[in-house]
Amino acid sequence: MVIKGGRIIDPANNRDDFADITVRNGRIQEILPPGAALPSGEEVIDATGHWVLPGLIDMHAHLREPGYEYKEDITSGSLAAAAGGITTVVCMANTEPVNDNAAVTQYIIRKASSIGLVRVLPVGAITKGLKGKELSEMGLMKQAGIVAVSDDGRPVESAAVMLRALEYADTFSLPVILHCEDRALSAKGVMNEGALSSRLGLAGIPAIAEETMVSRDVLIAQYAGVPVHITHISTRGSLEIIRGAKQQGIRVTCDTTPHHLVLTEDSVGTYDTNYKMNPPLRHEDDRHALVEGIRMNLVDCIATDHAPHAGDEKALDFDLAPFGIIGFQTLLPLLMKIHLEHDIDFSQLLACVTKNPAKILGLDGGALGQGSMADITIFDPGPTWTLTEEMILSKSKNSPFLGWTFNGRVVRTMVEGRTVFVSD
Ligand SMILES: [Zn+2]
Ligand SMILES: [Zn+2]
């Protein structure tokens with residue numbers, strides 16, 4: 001197969017130019033200058049006017065299966081991811097039962113491969129049942145196919161358990177992904193704490209609920225000499241702590257979400273529960289700091305924290321509705337928006353969803369070099385379109401971006417050379 005005439009943007013190989021790509025046996029065989037003689041008799045995909053990108057890696061998502069299939073399952077999640085140009089989904093362990101043992105890991109992997117769309121890579125729990133007490137069977141889960149461990153959905157409250165978990169995970173070379181939140185400080189909060197939460201009469205989650213835990217975990221990582229990845233950072237303070245840690249040579253990486261880069265707490269004024277997530281949308285100053293953090297390479301990755309919830313759950317009052325929003329099909333459009341509005345190089349944003357997560361998780365992927373896996377997303381930067389509920393392939397429709405108009409759309413997604421999504 002030949003992908004012809006496209007603009008190849010590949011941060012891993014510092015590439016941004018026009019070229020043709022030949023694919024064989026699921027891998028990239030050759031990258032040829034435009035106009036070069038192409039092998040005859042091949043299937044030709046015309047990518048003229050389109051961008052040819054490494055398939056996106058979403059390193060933080062909730063697919064809800066097993067246990068909460070009414071919100072999402074691996075099939076609907078895979079369809080939505082493929083439509084969003086995401087070829088690898090890293091799914092968190094807070095299913096029912098929790099992915100804290102090899103049997104659940106195997107179930108997820110078998111189910112995903114029988115669906116045969118995107119690559120689904122499970123994350124195992126750090127502690128059994130996400131209870132923060134006993135460490136999970138990390139070695140057996142690693143053999144079964146987990147790519148990292150995380151208790152996401154909640155923090156590891158005990159510093160002693162955290163320290164043992166880092167040392168234990170390190171013996172299996174498993175990356176550790178941390179949801180940093182001091183739950184005594186976030187308490188019953190439902191939005192960012194500040195003048196606005198007081199005015200709206202909603203309980204606040206202070207920035208320090210996140211920052212004290214980021215600070216603690218950076219110190220534990222330094223003491224243990226083990227790398228950590230801090231997920232969904234949402235405040236300027238968290239970024240400053242990570243900046244300082246990186247300057248000291250502590251091995252810490254982080255991601256933020258697309259919604260923390262484009263939205264602020266001001267949206268909560270509508271009491272629309274599609275603006276309720278954890279960590280909450282913060283102040284404009286925080287949002288701005290995170291965008292600059294991307295520009296300065298302090299924020300390593302962007303991950304959706306795709307968190308489907310059923311319509312009747314999100315229809316509850318703001319203080320009762322569950323935290324979380326979906327994100328697969330709006331990831332790339334939001335990166336495009338950040339690129340256009342903040343004048344950040346598109347390839348720098350792209351690195352946050354390709355090369356950088358691949359490196360942190362030790363994955364084969366996120367690049368378009370000769371011999372790379374042919375996980376490829378073809379994006380048409382031209383059209384503008386408006387997100388409607390009918391376009392959402394997830395079972396749940398809890399997106400704050402319904403009605404938004406975006407620039408550019410995914411036209412084809414390929415996993416190991418197989419087309420798993422094509423736009424009509
Ligand atoms: Zn989380
Ligand atoms: Zn999450």
Fill in the blank from the handout: Result row for the chain, helices from DSSP H with C-alpha axial extent 18 Å or more and mean Kyte hydropathy at least -0.5, is 102-115, 159-171, 207-224
Fill in the blank from the handout: Heavy-atom accessible area per residue of the chain, all protein chains kept, 1.4 Å probe, expressed in Å², is 38
Completion exercise
Taking the chain and counting helices only, DSSP H stretches of n ≥ 4 at -39,500 (n - 2.57) each over all residues, the nearest-500 ellipticity at 222 nm comes to -9000 deg cm²/dmol
Handout entry: Top positive-direction residue, dipole computed over the chain with Cβ charges, set 281, 185, 123
Key = 123
Handout entry: C-alpha center-to-center spacing [the range 19-34, the range 152-193] in angstrom
Key = 42
Completion exercise
So for R0 = 25 Å, FRET eff. of residue 348-residue 423 from the Cβ-Cβ r, to 0.05, ends up at 0.45
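How would you rank 78-90, 113-125, 129-141, 235-247, highest first, on the average number of other Cβ atoms within 10 Å across their residues? Could you put the intermediate results ahead of the total?
Values: 78-90: 27.8, 113-125: 21.5, 129-141: 17.7, 235-247: 19.7.
Sorting 78-90, 113-125, 129-141, 235-247 by mean packing, highest first, produces 78-90, 113-125, 235-247, 129-141.
If each residue of separation counts as 0.36 nm, what is the full-extension length gain between residue 320 and residue 295 once their alpha-carbon separation is subtracted? Don't skip to the end; give the middle numbers.
Numbers: separation 25, 0.36 × 25 = 9.00 nm, distance 3.62 nm.
Contour length minus the Cα-Cα distance gives 5.4 nm.
With charges set only on the Cβ (+1 for Lys and Arg, -1 for Asp and Glu), what does the dipole of the chain come to about its Cα centre, in debye to the nearest 20? Let's see the in-between values first.
Values: 37 positive and 53 negative charges, 134 e Å.
Here the size comes out at about 640 debye.
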Completion exercise
Under a Gaussian network model of the chain whose springs join Cα atoms within less than 10 Å, the largest fluctuation of 407, 356, 278 belongs to 407
Problem - Two-site label geometry, residue 110 and residue 288: point separation in nm, points 7 Å out along Cα→Cβ - result: 5.4
Practice task
Could you compute the FRET efficiency for residue 16 and residue 103, with r as their C-beta to C-beta distance and R0 at 25 Å, rounded to 0.05?
Solution key: 0.05
Handout entry: Simple label model, 7 Å out from Cα along Cβ direction - residue 240 to residue 199, nm
Key = 2.4
Completion exercise
Over all directions, the range 280-401 yields a Cα convex hull whose mean projected area in nm² is 9.6
Completion exercise
Honestly the range 54-361 on the Cα gyration tensor test (a ≥ b ≥ c root eigenvalues; a/c under 1.5 rounded, otherwise a/b vs b/c for prolate or oblate) is just rounded
Exercise for the section: Would you mind estimating how fast the range 1-88 diffuses translationally, via Stokes-Einstein at 20 °C and 1.002 mPa s with the Kirkwood radius over Cα pairs, in µm²/s? Expected result: 143
Completion exercise
The relative contact order of the chain, taking Cα pairs under 8 Å that sit 6 or more residues apart, comes to a percentage of 20
Completion exercise
Quick calc, the range 1-140, dipole around Cα centre from Cβ unit charges on Lys, Arg (+) and Asp, Glu (-), nearest 20 debye, gives 320
Handout entry: For the range 234-286: relative contact order, % (alpha-carbon pairs under 8 angstrom, 6 or more apart)
Key = 44
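The values are calculated or read from the model by the stated rules, or taken from the named source; none is laboratory data. Just so you know, these numbers come straight off a predicted model, no measurement behind them. So basically every Cβ, Gly included, is an ideal-geometry build from the backbone, and we count neighbours across all protein chains shown. We work out accessible area using only protein heavy atoms, side chains counted, and drop any ligands, DNA or RNA first. Shrake-Rupley method; radii C 1.70, N 1.55, O 1.52, S 1.80 Å.
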